[in-house]
1. Over the chain, what is the percentage of antiparallel beta bridges among all DSSP beta bridges, to the nearest 5?
2. Above 21 angstrom, tally the Cα pairs of region 53-126 and express them as a % of all pairs, no decimals.
3. Cβ under 11 Å from ALA275's Cβ, ALA275 left aside: what net charge do those residues give with Lys, Arg +1 and Asp, Glu -1?
4. What angle do you read, to the nearest 10 degrees and between 0 and 90, between the alpha-carbon axis of helix 148-166 and the longest principal axis of the chain?
5. How large is the Kirkwood hydrodynamic radius of region 96-239, counting all unique pairs of alpha carbons, in Å?
6. When all C-alpha to C-alpha distances in region 258-337 are sorted into bins of 10 Å, what percent of pairs does each bin hold, rounded to whole numbers?
7. Exactly which trypsin sites (Lys or Arg not before Pro) in region 172-241 are in a DSSP loop and have at most 15 other Cβ atoms within 10 Å?
8. Relative to the first principal axis of the alpha-carbon coordinates of the chain, what is the inclination of helix 236-252, with its axis defined by its Cα atoms, in degrees from 0 to 90 and to the nearest 10?
Amino acid sequence: MGKILVTGGTGFIGSHACVAFLNAGYPVVIMDNLSNSKVEAVARMELITSKQARFYQTDTQDVDGMRQIFEDNKIDAVIHFAGLKAVGESVQKPLAYYENNISGTLKLLQVMEEYHCETMVFSSSATVYGCENPVPYLEDMPTSATNPYGYTKVMIEQILRDICVANPSFSAVCLRYFNPIGAHESGLLGENPNGIPNNLVPYVAQVALGKLEKLRIFGNDYDTPDGTGVRDYVHVMDLALGHVAALEYGQKHTGFEAFNLGTGNGSSVLDVVHAYEKACGKSIPMEIVERRAGDIAISYADASKAKEMLHWEAASDLDKMCADSWRFTLQNPKGLS
Ligand code: NAD
Ligand code: UD1
């Protein structure tokens, strides 16, 4: 059996996916430039699985570095997580986002072509549903974006569609994640954002830890049951297992396919806060502030396509997601170092 190359494999979702692949028996090669993660994640995944992954500190811009990885290892498939992901930053630094995400992916695809590697599982996002589609989101709805980060996902999906037309033996599986949260239940791996978190659950975790004073809830006047924004939160280990299912699918089928990875259920900001309070046994100080620019009221998946075609379904509920996030936060108050 050849190996799988996991780009961005020391990051939040990638590191959990590596655990799932190692547990499933795949030989794993990780490539990451460590711009938003720590190499300690590799040691943690080995602790969890008692299996070793091979690590390369390499950037997707470094074509020769990537060729070396393909020379050293027979790579059957690439699971492509590497990329920048902060929406607000992408508005400030569009060139950095297009360069890193799009140009980096093109170079990776060129090296894959040189080495006749024809299977990619790509980290897409629910952000490709834009702001016009009704919920629940279905995979055949039109895609669009409202910021450079979102456009990189829409464009990379298009690039992969085009490659599949040009090369009938290529297989591209795009996974559109909803809102991944939680951590490995050992408390050894989790989300490790730099600086002040932008996303809800890492922010709440820092408030629970006492590092941030209070949560600011961005609006309670949305047309939702309690007025706060509704999202489809999905446990990162469920998501990780979705990648194993997607790879198995990609190895059996050619062509382009996109799948939603979500639970199919929406939870409000207040639902999340209450679940987190239960997990940590403290109350979370909070205040209602203005809506955040660019936010939508409700986002959740129609999760039936992944269930039918990948035989994948999210198993964990919000209480478990928050309990696992809190365990990781308590055990690693400064994140991984
Ligand atoms: P993350 O930042 O934790 O992981 C991304 C990893 O890629 C990091 O370890 C970073 O160091 C690495 N990286 C970035 N640019 C690179 C480059 N040019 N070369 C090599 N490595 C590089 O983020 P994550 O939350 O694990 O997200 C993984 C993927 O999933 C990203 O593509 C992201 O856009 C996508 N995604 C994430 C979410 C989310 O909410 N976390 C939602 C939808 C989609
Ligand atoms: C964000 C990204 C989106 C990405 C998704 C998954 C933005 C504008 N959008 O979406 O592109 O696909 O993450 O990674 O960044 N909230 C608060 N207070 C906070 C933080 C968040 O009230 O301090 C609310 C938000 O208004 C929202 C919900 O919590 O209703 C979830 O927010 P967040 O975790 O940032 O995710 P998304 O907005 O869904």
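FYI, it's all coordinate maths here, none of it is from the lab. Note that the structure is predicted; figures quoted are calculated from it, not measured. Backbone-built Cβ (ideal geometry, glycine too); neighbour counts: all protein chains shown.
1. Among the beta bridges of the chain, antiparallel pairing accounts for roughly 5 percent.
2. 28
3. It works out to a net charge of -2.
4. Between helix and principal axis, roughly 30 degrees.
5. 17.9
6. 15, 33, 36, 15, 1
7. LYS211, LYS214
8. Value to nearest ten degrees: 30.
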